[in-house]
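The structure under discussion appears below in the form of structure tokens.
No value in this document is a laboratory result; all are computed from the given coordinates. What you see is a predicted model, and the numbers here were worked out from it, not measured in a lab. Cβ: placed from backbone, ideal geometry, glycine included. Neighbour counts: every protein chain shown.
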Amino acid sequence: MKLRNDWKIAEIEALFDMPFNDLIYQSHTIHRENFNPNEVQVSTLLSVKTGACPEDCSYCSQSARNDTGLERERLLPLNEVIDAANEAKKNGATRFCMGAAWRNPTDKNLDRVIEMITSVKELGLETCVTLGMLKQQQAERLKEAGLDYYNHNLDTSPEFYGEVISTRSYEDRLNTLEHVRNAGINVCSGGILGLGETRRDRARLLQELANLPEHPQSVPINDLVQIKGTPLDGIDKLNPFEFIRTIAVARIIMPKSYVRLSAGRTEMSDEMQALCFFAGANSMFYGDRLLTTDNPQESHDLQLFKSLGIETEKKAVSEPLNAA
Ligand code: SAM
Ligand code: DTB
Ligand code: SF4
């Protein structure tokens, strides 16, 4: 099937509006045409620089504006990163993702992160980093270091964005994605649901992602983890079926991208996660911590995979996804 990057909002909203069974039947069919439906790619996360972030993302534990009681940490020493990556590899992860709470890295910051990327790659793991905004030349440096993926989420629709974050614009996000894409690094970009956005905002987020010049190779869909001290703590939770619908629509309009069932799994039942996999999710974070919050225990996830007959993908395929 030809990849499209000219999705109209009405088409995407019509998918969201389908009867649930029709929608997940369609997304699962497309999923099977493009992927092994019994395989999930697993990545492990590590926060290499935690807290005191100058941005004001209203969902985040790490914003300096949110009094969440998080200890500020300096950039982790290289040996601690290598130890964590070794552990992740031993436990079966194929990709190691390192996150830093920066608005953007300085060139000196980048030197240190590049050492981390080089060392993690030497272990035979794929690498992903998420460091905030990047200049073109910084993206080139990461590419030279052999970085496989850069995570930078659009988070929500352009219309709702200003309600969630005021310290940077949607355009800033799109520019960094362009720099990453130009450098030839795989793009990991998705969003976060349950921020109080409407269905139209969810449809617009997916439209923005699918209509990029190239579909992101990885599309993380996060469910808000509510954190005490953040403005969004206590907000109404998103209906689980609406979350699954969003996964299904992402699968239909970006058929060859990995759709990542991301933050929020500790609050999801196993049955809900199974429906997410059926609807087209085929990657997730594995390991008992995300960046600053908990993820399900590894033993629990292994049991879930066993119950569902799911295998973890041994080696992720990372080819450019040219739309059109
Ligand atoms: N600071 C970098 C940035 O904003 O691009 C990278 C790290 S940031 C933590 C990566 C993504 O995690 C965010 O874009 C958001 O989608 C997700 N995220 C952050 N806090 C979250 C929360 N409390 N619940 C769910 N997802 C969250
Ligand atoms: C993404 O989309 N989700 C991950 C990863 N990319 C970096 C982060 C989730 C963070 C959840 C809240 C926390 O642990 O602080
Ligand atoms: Fe900073 Fe990223 Fe958290 Fe926003 S999401 S406050 S940029 S760490």
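Specify the residue with the greatest mean-square fluctuation among Ser257, Ser63, Ser189, computed from a Gaussian network of the chain linking alpha-carbon atoms under 10 Å apart.
Most flexible of the set in this elastic network: Ser63.
Take the alpha carbon atoms of region 85-206, find their radius of gyration, then divide it by 2.2 N^0.38 Å using N residues; give the quotient.
Here the Cα radius of gyration is 1.13 times the empirical estimate.
How much mean residue ellipticity at 222 nm does the chain get from its helices, if each DSSP H run of length 4 or more adds -39500 (n - 2.57) and you divide by all residues, to the nearest 500 deg cm²/dmol?
Numbers: 11 runs with 128 residues, N = 324.
The helix contribution divided over the chain gives -12000 deg cm²/dmol.
Taking the Cα centre of each part, how many Å lie between region 22-72 and region 156-172?
Value for the Cα centre distance between the two parts: 18 Å.
Rounded, prolate or oblate: which fits the chain, taking a ≥ b ≥ c as square roots of the Cα gyration tensor eigenvalues, rounded meaning a/c under 1.5, else prolate when a/b beats b/c?
Values: a/c = 1.31, a/b = 1.22, b/c = 1.07.
Rounded.
So, with +1 on the Cβ of K and R and -1 on the Cβ of D and E, and no other charges, what is the size of the charge dipole of the chain about its Cα centre, to the nearest 20 debye? Numbers along the way, then the final one.
Numbers: 36 positive and 47 negative charges, 101 e Å.
So the magnitude is around 480 debye.
Using 7 Å Cα-to-Cβ label points, what is the Asp233/Glu122 separation (nm, one decimal)?
Inter-label distance under the simple model: 4.2 nm.
What relative contact order, as a whole-number percentage, does region 1-159 give when Cα pairs under 8 Å and 6 or more residues apart are counted? Intermediate results must be reported in sequence, preceding the final value.
Working: 179 pairs, mean separation 29.6, N = 159.
RCO, region 1-159: 19 percent.
Quick one: 3J(HN,Hα) in Hz for region 287-296, Karplus 6.51/-1.76/1.60 with θ = phi - 60°, rounded, Gly and Pro as x.
So the J values, rounded to whole Hz, are x, 7, 10, 8, 8, 10, 10, 7, 10, x.
Based on the Cα gyration tensor of region 224-324, what are the three equivalent ellipsoid semi-axes, each the root of five times an eigenvalue, rounded to whole Å and given largest first? Don't skip to the end; give the middle numbers.
Working: eigenvalues 110, 69, 41 Å².
The equivalent ellipsoid of region 224-324 has semi-axes of 23, 19, 14 Å.
Give me the dipole magnitude in Debye, nearest 20, for region 72-192 about the Cα centre, with unit charges on the beta carbon: positive for Lys and Arg, negative for Asp and Glu.
Numbers: 15 positive and 18 negative charges, 30 e Å.
About 140 debye.
Of the cross-linked pairs Lys90/Lys306; Lys256/Lys314; Lys8/Lys121; Lys49/Lys315; Lys256/Lys306, which ones have a Cα-Cα span greater than 29 Å in the structure shown? Write down the numbers at each step before the final one.
Working: Lys90/Lys306 18 Å; Lys256/Lys314 18 Å; Lys8/Lys121 40 Å; Lys49/Lys315 27 Å; Lys256/Lys306 25 Å.
Among Lys90/Lys306; Lys256/Lys314; Lys8/Lys121; Lys49/Lys315; Lys256/Lys306, the Cα-Cα distance tops 29 Å for Lys8/Lys121.
Go ahead and set up a Gaussian network model of the chain, Cα springs under 10 Å, then flag whichever of Val259, Val219, Val48 fluctuates most.
Val48
Report the antiparallel proportion of the DSSP beta bridges in the chain as a percent, rounded to a multiple of 5.
In the chain, DSSP labels about 5 percent of beta bridges as antiparallel.
Might you report the magnitude of the Cβ-based charge dipole of region 2-161 about its Cα centre, with Lys and Arg at +1 and Asp and Glu at -1, to the nearest 20 debye?
On the way: 18 positive and 25 negative charges, 84 e Å.
Dipole of region 2-161, to the nearest 20 debye: 400 debye.
Viscosity 0.692 mPa s, temperature 37 °C: what is the translational diffusion coefficient of region 1-111 from Stokes-Einstein with a Kirkwood Rh over Cα pairs, rounded to a whole number of µm²/s?
180 µm²/s
Using Cβ-Cβ distances only, list the Cys residues of the chain with no partner cysteine under 4.7 Å, sorted by number.
So, Cys53, Cys188, Cys276.
What nm distance separates the two modelled labels at Thr266 and Glu71, each placed 7 Å from Cα along Cα→Cβ?
The two pseudo-label positions are separated by 1.7 nm.
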